Amino acid sequence: MNQLALYKSQATKRSRAVSTVKRRSLRHLILPILRHALLLTASGIVLFPFLWMVFASFKPAEDIFLDTFHLLPTTWEFGNYAAAWQEAPFDRFFINSIASAAISVTGQVLTCTLAAYGFAKLNFWGKKFFFTLLLTCMMIPDEAAIIPNFLFAKNVGLLDTWLGLSLTSLTSVFGIFLLRQTFMTIPNDLIYASKIDGCNELQSFCHVVLPCARSSVATLALLAFLDSWNAYMWPMVVTYQNTTRTLQIGLKYLIKPDLGPQWPMIMAASTFILLPVLLLFVGLQRYFVEGMVKTGIK
Amino acid sequence: MQENIPKRALGYAFILPAFILLGLFRLYPILRNFILSFTSWDMVTADPRFIGIANYLELFSDEDFFSSIVVTLEYAVSFIVLSLVVGLALSLCMTAKNKMNIFYRTVFFSPTVTSMVAMSAVWLFIYHPQYGSLNSILGMLGIQPVRWLNTMDTALPSLVMMNVWKRMGFCTVVYLGALLGISSETVEAARIDGANEWQLLWHIKLPLISPTTFMLVILMTIESFQVFTQINVMTQGGPNGSTTNLVTYMYMQAFDQFRVGYGSAIAVVLLAIVLLIYLIQMYFERFVNYD
């Protein structure tokens with residue numbers, strides 16, 4: 001009796017397995033097609049604004065007034081780039097963007113690596129408290145602190161300066177978290193060994209820990225650069241003159257409500273502002289994706 | 001094993017630079033904001049004048065302020081739901097490791113790294129009622145032109161759509177990481193028990209990646225409360241205040257109208273709401289499956 005029940009259940013299992021295989025083979029045919037159709041459509045939608053931007057930047061002004069949809073220019077107009085470059089002091093904006101980004105990157109790499117090492121490898125009284133404080137800082141949106149920070153920059157005379165532009169991004173909570181994660185994976189024995197060889201704490205940090213965490217430090221530098229390059233609200237608030245504005249703010253002041261034939265020129269300006277970042281992204285994609293996902297996840 | 005006394009001082013030395021900066025530009029501003037919110041000041045006259053809770057009383061009778069909170073919440077909910085659903089759907093299609101999926105991942109992630117101002121300019125052009133490509137594409141399908149950013153009903157959804165375009169790739173990549181982390185044994189076991197794809201998704205995959213969903217919701221909430229750039233570039237809060245969120249309203253009061261005290265009061269409310277939502281989300285963390 002028991003034996004019979006066992007056979008029966010085995011038989012139903014087998015027949016179920018057979019039907020699963022049949023269903024799966026059908027699934028194997030249709031699902032990938034649907035899947036790629038969806039993914040290709042999504043890629044098209046994601047890429048469209050980029051294509052529209054680049055092709056529009058080569059359009060002659062009269063193309064803007066065409067009634068029907070044209071992705072490609074009727075004739076290729078390369079002068080839009082020169083026109084955009086001369087419309088505002090973009091060479092100045094470029095220098096300002098790069099200088100403030102350089103200050104931010106330097107500041108973040110210095111302060112974040114040090115603090116992360118403190119949290120990952122050193123013991124001190126109140127470490128938990130400071131770590132909680134760090135978490136609290138992460139919850140505070142920059143925007144909620146922008147009025148006092150502006151007043152501070154104004155009082156110490158940093159409005160319209162490079163240091164002023166990067167003032168609020170000289171350190172980064174996410175950066176500290178990212179590097180702390182990496183430093184914690186470095187074995188303590190390695191640090192002890194360097195100490196036995198006569199290194200002090202700072203020397204073992206510089207010569208042992210930092211080289212081990214090169215790729216994380218590179219990721220942090222990249223993210224700091226990106227944040228600074230794309231920053232908007234703070235640079236908007238602390239600059240008044242064209243000579244100290246960054247690329248983003250410069251572009252913003254070119255966008256006016258009644259734009260018509262100037263659109264190709266605006267698209268040209270957008271293209272050369274995006275280009276450095278997109279090139280960096282294509283070249284260093286791994287760091288970007290890993291860095292952003294890791295800082296997101298903590 | 002470790003000599004504690006010298007280490008104590010050393011630890012402080014290592015974290016000091018970061019904490020000086022955080023104290024100066026993150027923590028102290030919160031205090032100063034709070035103090036400023038009880039004053040009236042236009043930044044031109046010598047000193048802020050103490051006026052008690054007058055700013056807060058004004059806030060509670062200010063219709064524009066309540067409208068900005070509604071706009072902020074509408075933006076947050078629609079942006080978070082759409083980016084997570086689209087991100088999850090795309091990532092579910094990309095779990096196989098092959099060249100095509102690496103290509104898709106690169107494409108989807110690329111808007112994340114771009115500058116919001118430049119992309120706002122591009123989308124402003126795409127949405128343009130006369131010269132924009134969206135209306136001319138819809139025109140080919142026989143759909144009447146829409147004044148995307150220029151009517152009160154369509155302006156906010158248009159901004160959300162653009163932001164979803166920019167951020168869904170991030171959600172996709174994060175979800176992809178979580179989905180690839182699910183052990184194939186669990187999935188196989190469920191299959192052998194006769195689970196179909198839908199049941200597999202609903203009862204196995206979604207519960208297993210719930211920590212990721214939780215983390216993304218928190219991240220996207222904070223982000224959507226900070227939205228400023230695209231609004232400032234594309235609509236300036238208009239038409240008729242329909243896209244003025246809290247941050248934009250604070251900016252307008254403090255930096256356009258030079259009402260520093262009132263702007264600070266809005267900033268205090270902004271911070272309070274963000275912290276409150278964070279606490280609520282932390283309460284819901286108990287329903288998240290961390291194994």
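The values are calculated or read from the model by the stated rules, or taken from the named source; none is laboratory data. Please read all numbers here as calculations on a predicted model, not as lab measurements. Counting neighbours? That spans all protein chains shown, and the Cβs are built from the backbone with ideal geometry, glycine included. Areas reflect the complete protein model, heavy atoms only, side chains present, ligands, DNA and RNA absent. Shrake-Rupley method; radii C 1.70, N 1.55, O 1.52, S 1.80 Å.
Brief remarks follow.
- Cβ-defined net charge surrounding A:Thr74, 15 Å radius [Lys, Arg +1; Asp, Glu -1]: -3
- Residue-averaged [θ]222 nm for chain B, counting only DSSP H segments that reach four residues, each worth -39500 (n - 2.57): -21000 deg cm²/dmol
- Overall form of chain B: oblate. Here a/c, set by the Cα gyration tensor axes a ≥ b ≥ c, is 1.5 or more, and a/b is not larger than b/c.
- Label sites at B:Glu58 and A:Leu163, each approximated as a point 7 angstrom past Cα along Cα to Cβ, lie 3.5 nm apart.
- Its DSSP H runs of at least 4 residues, each contributing -39,500 (n - 2.57), put the calculated 222 nm mean residue ellipticity of chain A at -23500 deg cm²/dmol, to the nearest 500.
- Accessible surface computed residue by residue for region B:24-127, with neighbouring protein chains in place and a 1.4 Å probe, gives 46 Å² per residue.
- For chain A, the square roots of the Cα gyration tensor eigenvalues, ordered a ≥ b ≥ c, give a/c of at least 1.5 with a/b no greater than b/c, which places it in the oblate category.
- Long hydrophobic helices in chain B: the complete DSSP H runs spanning 30 Å or more by Cα along their own axis with mean Kyte-Doolittle hydropathy of at least -1.0 are B:63-92, B:155-180, B:260-284.
- Dipole of chain B [Lys/Arg +1, Asp/Glu -1 at C-beta], most positive-end residue of B:Ala54, B:Gly194, B:Gly238: B:Gly194
- Rounded to whole Å, sorted largest first: equivalent-ellipsoid semi-axes of region A:95-171, Cα gyration tensor: 27, 17, 10
- Around the amide H of B:Thr39, modelled in the peptide plane, lie the amide H atoms of B:Ile51, all under 5 Å away and 5 or more residues distant in sequence or on another chain.
- When chain B is treated as a Gaussian network with alpha carbon springs shorter than 10 Å, the biggest mean-square fluctuation among B:Pro29, B:Pro157, B:Pro211 belongs to B:Pro29.
- Largest-first principal axis extents, alpha carbons of region A:141-229, Å: 50, 23, 20
- Residue of A:Phe150, A:Phe129, A:Phe288 that the Gaussian network model of chain A assigns the largest fluctuation, springs spanning Cα pairs under 10 Å: A:Phe129
- Equivalent-ellipsoid semi-axes for the protein assembly as shown (Cα gyration tensor, √(5λ), whole Å, largest first): 40, 36, 25.
- Protein heavy-atom surface of region B:140-243, 1.4 angstrom probe: 60% of the accessible area is carbon and sulfur, with nucleic acids and ligands not counted.
- Distance (nanometres) between label positions extended 7 Å along Cα→Cβ at B:Leu276 and B:Met152: 2.5
- Over 22 Å (Cα to Cα) - which of B:Lys97/B:Lys205; A:Lys59/A:Lys256; A:Lys128/A:Lys195 fall in this group: A:Lys128/A:Lys195
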